[in-house]
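Quick one: this structure, given as structure tokens, is what I'll be asking you about.
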Amino acid sequence: MTRVAFIGLGNMGSGMAANQVKAGREVVAFDLSADALARAKEQGMKPAASAGEAVKDSDIVITMLPAGQHVRDVYLEAILPNARKDALLIDCSTIDVDSARTVSRDASMQGFRSADAPVSGGTAAATGGTLTFMVGCREQDFPEFEEALKPMAKAIIHAGDSGAGQAAKICNNMLLGISMIATSEAFALAESLGLDAQKFFDISSKASGQCWSMTSYCPWPGPVPAAPSNRDYAGGFAAAMMLKDLKLAQDAAESSGAPTPLGGAAEALYSELVRGGHGQKDFSIILQMLRGTLPLNRE
Ligand code: NAD
């Protein structure tokens, strides 16, 4: 039976690991949180006492951690010293490109095959096994990584060599942040001009302004019933997470010398939203900040 070590069982990791169990794999789980480990046990996983113990004898090692520092530490202290040399190492966290490349270089120097494989899709896709994975790894290793990720995925795309998965993720999310602000600005302007929001949606969704932020995730309540705007912006993709990804994009732009003026403006607007106390709301709540209807904590 394929044995999977899964490290980081938070909002995303817990559903992803459960889909590995459903696929008939043995999952050995580790998280710093005792609650997360207890939940993992209920879902049919075997809790481990440490990350090092979890990875021993595993065929696949998956990490789903908050940021680059956590991934670097766990690789250095637990995975590389304890994993089998033929294990596949996959980091699904969203982290900076430099950390992804550092971890991959260290792994490859010790003879491991590794991939950065960040995901698109939130907790619902994690639970439903319908995430999109953007994979950075050597081309010849991709088929095996693809097989390892299948129980958690709707789509698995090889983005290029190590770090390319993270690069694709931050470029995509910078585009998403900018397009959500642009869609929100357009709704706010339409309102100021006395144009009915539904009428604006009906026209723009069939005209050249059409984009995912408008037709799949409309920030104005009403036109897209499943969007978080219809439930007071609860759930969905937290504004604080969007800010994290925009910061990663700006750091990468600075280190690579790429001009991203709108990415910079988007980061500033999401910083204001998060500082104002709305980091846990869905990121489409930026519409209400632009309309001036959102109380902002100004400390
Ligand atoms: P989370 O904070 O809910 O989960 C992270 C988990 O990692 C926590 O349970 C924490 O206890 C655990 N952890 C931290 N350090 C650890 C260590 N050293 N050893 C073991 N466990 C440790 O975060 P999340 O929402 O699950 O996100 C995880 C990653 O996925 C992030 O990089 C995030 O940017 C990315 N992501 C999140 C979403 C989303 O909608 N939540 C969507 C796409 C990508």
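Kindly express, to the nearest 10 degrees and within the range 0 to 90, the angle between helix 97-109's C-alpha long axis and the longest C-alpha principal axis of the chain.
Once rounded, the angle reads 10 degrees.
Then there is this: If one takes the longest principal axis of the Cα atoms in the chain, at what angle in degrees, from 0 to 90 and to the nearest 10, does the Cα axis of helix 13-22 lie?
On a 0 to 90 degree scale, this one is about 60.
In percent, how large is the relative contact order of the chain, given Cα pairs closer than 8 Å and 6 or more residues apart?
Across the chain, relative contact order equals 13 percent.
What is the antiparallel percent of DSSP beta bridges lying wholly in region 112-269, to the nearest 5?
Once the DSSP bridges in region 112-269 are tallied, antiparallel ones form about 35 percent.
Provide the net charge surrounding residue 45, with neighbours chosen by a C-beta distance below 12 Å and charges set as Lys +1, Arg +1, Asp -1, Glu -1.
Residues near residue 45 contribute +3 overall.
Regarding region 3-160, what are the three Cα extents along the principal axes, ordered largest first, in Å?
37, 31, 26
Accessible area, 1.4 Å probe, largest first: how do 158, 278 sort?
Result of the area sort, largest leading: 158, 278.
Sticking with this one: With all protein chains present, how much of the accessible area of the chain (probe radius 1.4 Å) comes from carbon and sulfur, to the nearest whole percent?
Using a 1.4 Å probe with all protein chains present, the chain comes out at 55 percent carbon and sulfur.
Charges only on Cβ, +1 for Lys and Arg, -1 for Asp and Glu: so what's the dipole of region 3-160 about the Cα centre, in debye to the nearest 20?
280
Determine how large the accessible area of residue 59 is when every protein chain is in place; take a 1.4 Å probe and give Å² rounded to the nearest 10.
For residue 59, solvent-accessible area is about 50 Å².
Sticking with this structure for a sec: Between residue 195 and residue 33, with labels modelled 7 Å along Cα→Cβ, what's the label distance in nm to one decimal, could you check?
4.3
Restricting to lysine pairs 8 or more places apart or on different chains, what number in the chain have Cα atoms under 24 Å apart?
Within the chain, the lysine pair count is 20.
Can I ask one more? Lys/Arg Cβ at +1, Asp/Glu Cβ at -1, dipole of the chain taken about the Cα centre: which of 5, 270, 97 is farthest positive-ward?
Value computed over the given set: 5.
May I pose another question? Over the alpha-carbon set of region 148-231, divide Rg by the Kirkwood Rh and report the Rg/Rh ratio to two decimals.
That ratio equals 1.11.
Would you please name the trypsin sites (Lys or Arg not before Pro) within region 158-223 that are DSSP coil residues with at most 15 other C-beta atoms within 10 Å of their C-beta?
206
Mind checking the per residue accessible area of the chain for me, 1.4 Å probe, whole number of Å²?
45
Excluding residue 293 itself, what net charge comes from residues whose Cβ is under 15 Å from its Cβ, given Lys and Arg +1 and Asp and Glu -1?
Counting the neighbours of residue 293, the net charge comes to -2.
Can you give the Kirkwood hydrodynamic radius for region 168-291, in Å, rounded to one decimal and based on Cα pairs?
14.6
A further question on this structure: Using just the helices of the chain, give the 222 nm mean residue ellipticity in deg cm²/dmol: DSSP H runs with n ≥ 4 each add -39,500 (n - 2.57), and the total is spread over all residues, rounded to 500.
-13500 deg cm²/dmol
When all C-alpha to C-alpha distances in the chain are sorted into bins of 5 Å, what percent of pairs does each bin hold, rounded to whole numbers?
In whole percents, the pair-distance histogram is 1, 6, 12, 15, 16, 15, 12, 10, 7, 4, 2, 1, 0.
The values are calculated or read from the model by the stated rules, or taken from the named source; none is laboratory data. This one's a predicted model, so the numbers in the text were calculated from it and none came from an experiment. Cβ sites come from the backbone with ideal geometry, for glycine too, and all protein chains shown count toward neighbours. The area values use the complete protein model at the heavy-atom level, side chains included, leaving out ligands, DNA and RNA. Shrake-Rupley method; radii C 1.70, N 1.55, O 1.52, S 1.80 Å.
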